[in-house]
Amino acid sequence: MTQTDSEVESYPPLFRPKKTLQTTDDIKLDHATFDNSDESNQPTNSKVLEFDSEFDPLPVIDFKSLNNTKLDEACREWGMFRLINHGIPMTLLNQLHTQARQVLSLPFEYKQASFTPPMSYFWGTPGLTPSGVAITRPQNLNWIEGFHVLLSPLPQLLYEDPLLDSFRSILDEYGRHQRRVATTMLEAMAINLQLDPMRTKSYLSPGTGHLRVHRYPRCFDQYSDDVPPQNNDDHHHHQAQPQQHFQARWGIDVHTDSSILSILHQDDVGGLQVYNTSDHQWFNVKPQFDSLIVNLGDMMQAMSDDNYIAAKHRVKVNKHKERISVGCFVLAHEDAVIESSKYKPFTYADFRAEVQQDLKTVGYKIGLPKFRLNNE
Ligand SMILES: O=C(O)CCC(=O)C(=O)O
């Protein structure tokens with residue numbers, strides 16, 4: 001079996017090329033293929049700044065010597081920043097990515113049959129039910145697969161398979177670092193926003209924090225005309241897309257996270273893009289293995305009275321390379337009431353229920369605007 005054959009066998013069947021691959025460079029397809037680096041393939045009319053230029057506008061925050069003013073500016077202007085000197089050992093990051101790659105390279109059927117919560121396998125959408133079970137939805141495919149991992153049960157878990165058990169223990173260790181980083185960042189943001197510390201604590205729910213290990217398989221057909229444009233899921237805030245005949249493929253299409261904040265570690269392939277609301281422009285988020293990307297979610301936007309931005313972001317597909325990223329999502333406590341001058345008081349449970357309702361009725365997540373006072 002060639003390397004490409006086994007790579008493709010680990011992909012969900014709908015992600016496999018329509019005709020046999022000859023070699024990595026010699027791909028024969030039913031659909032036309034598009035080079036991912038060509039800006040004109042972007043379905044939006046805004047330009048995307050490429051990261052091969054030296055220019056990297058994303059704010060950089062140093063975890064070791066936190067500058068609260070810089071942090072505050074980053075949260076107001078971008079809702080996303082790069083975090084350096086975070087203290088997560090490089091050996092752990094390397095192990096995390098090596099093992100994620102190994103586990104995700106297992107045959108698709110095995111991944112689908114063998115994983116259940118607290119480590120569940122998903123593909124085609126990052127959507128999940130409230131209990132963490134992946135919602136597989138072949139319509140409006142996002143070119144993504146991965147594991148949704150609930151953090152709190154990990155220490156008690158034991159897998160017989162040594163690869164899986166070692167992966168579990170690495171995720172557990174990585175999750176502890178994420179909690180450490182998230183706690184410090186949230187404390188700094190709460191100080192900046194002058195939020196009542198007791199209230200902020202009650203918003204946070206250590207028990208429901210989770211990781212998501214994503215693999216973006218190589219995408220052999222970047223556009224397809226056989227998929228109805230339909231959105232979406234309850235954790236991510238995809239925007240309604242205009243009806244179009246050709247549906248662009250995305251690793252994950254444009255959304256904001258429903259979290260308080262999310263922390264991402266990506267390999268060196270690239271593909272993540274963030275929207276800057278003052279520039280009205282998409283930017284590529286440069287991959288940099290020793291840094292983390294922190295982005296604010298809907299709950300933080302609400303808690304900050306819209307002073308902080310839940311960053312709109314998306315992930316491009318790549319014809320030549322797979323990409324691995326690991327996200328940590330810090331969620332609000334189910335029952336803590338989020339009070340704000342801009343929104344009706346609501347809990348995360350209310351928010352999620354509303355989103356699920358929207359998915360059923362309008363077909364996509366409306367998210368925060370549903371809770372805005374006076375329908376401003
Ligand atoms: O993989 C990435 O770079 C981003 C993942 C993401 O947008 C998400 O999980 O919400």
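Quick note: the coordinates plus some simple rules give every number you see, no bench work behind them. As the structure is a computational prediction, the values presented were derived from the model and not from experiment. No Cβ is skipped: glycine too gets one built from the backbone with ideal geometry, and neighbour counts run over all protein chains shown.
Structural remarks
- Most positive-pole-ward Cα, L193, L150, S166, against dipole of region 142-199 from beta carbon charges: L193
- The alpha carbon gyration tensor of region 299-376 gives principal lengths a ≥ b ≥ c with a/c of 1.5 or higher and a/b greater than b/c, which makes the shape prolate.
- Cβ-Cβ FRET estimate between L157 and L195, R0 fixed at 22 Å, reported to 0.05: 0.05
- Hits among lysines - C-alpha to C-alpha of K344 under 24 Å, sequence gap 8 or more where chains match: K201, K312, K360, K365, K370
- Charge context of S340, other residues only, Cβ under 10 angstrom, K/R +1, D/E -1: 0
- All lysines inside 26 Å of K18 as judged from Cα atoms, apart from same-chain residues fewer than 8 positions distant: K28, K111, K316, K319, K321
- Mean Cβ count within 10 Å, highest first, over the residues of peptides 187-195, 159-167, 97-105, 264-272: 264-272, 97-105, 187-195, 159-167
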